[in-house]
Amino acid sequence: MTAASPLIVTLTLDQVSHEYFTKLRTEYFPAHCNYLDAHITLFHHLPAGIPGITEALKTLSKRSLIKLDVTGIKNIGKGVAYITSSQELLALHKKMQSVFDVYLISQDRNKLWPHITVQNKVTAYKAKQTEQILIQIFKPFSVQGIGFSVWIYRNGPWEHVNNYLFD
């Protein structure tokens, strides 16, 4: 780990949801740039090698699972995402922002917009097609956040570092 390779923190989804959304990513995301399974990004750029971050994640993971409602599908310009809603997750993220405050880049200081991207890096036309397909079969449902996953960003692929599962 180097300072040039930042940490990314994601919310880990329950196994069934993880498999469902990962399957959609495999189907709709261009294969040449689909490095990841399904996830919800909480922080995009924390410095690596800071022991306080690891300790904080261990402490913050001592909690119950988080219920998230999947409320819709959104065209994000060059891709498509499932929108999730959870006041509990928003409150936890705000607390995490406070804990990590001195390390946050401007993007990570913003209010969390929890979503699961199933397509990105395509044309606007292709994204619109995918959105129309997914909207036709969409019915709201719930998923669970079961912990945090920490990754090192490698200019494309992410390297998994650790999981901190909720109690």
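The values are calculated or read from the model by the stated rules, or taken from the named source; none is laboratory data. Just so it is clear, the structure is predicted and the values come from calculations on it, not from any experiment. Neighbour counts are summed over all protein chains in view; Cβ atoms, including those assigned to glycine, are modelled from backbone coordinates with ideal geometry.
Here the condition is being touching a His at 6+ places or on another chain (Cβ under 6 Å), touching a residue at least 12 places away in the same chain (Cβ under 8 Å), surrounded by 16 or more Cβ atoms within 10 Å (Cβ to Cβ) and not acidic (Asp, Glu); of Leu92, Leu112, Leu134, Leu104, it holds for Leu112 alone. Reported count of residues in region 62-83, each being surrounded by 14 or more Cβ atoms within 10 Å (Cβ to Cβ), of a type in the set (Gly, Ala, Ser) and out of contact with any His (no Cβ under 9 Å at 6 or more places or on another chain), is 2.
Could you say whether any residue in region 132-141 is under 20 Å from the mean Cα position of the chain (by Cα), in a strand (DSSP E or B) and not hydroxyl-bearing (Ser, Thr, Tyr)? Looking for residues that are under 20 Å from the mean Cα position of the chain (by Cα), in a strand (DSSP E or B) and not hydroxyl-bearing (Ser, Thr, Tyr), one finds at least one in region 132-141, hence yes. Are any residues in region 38-55 surrounded by 18 or more Cβ atoms within 10 Å (Cβ to Cβ) and either farther than 17 Å from His160 by Cα or at pLDDT 95 or above (or both), and if so, which ones? Hits for region 38-55 are Ala38, His39, Ile40, Thr41, Leu42, Phe43, Leu46.
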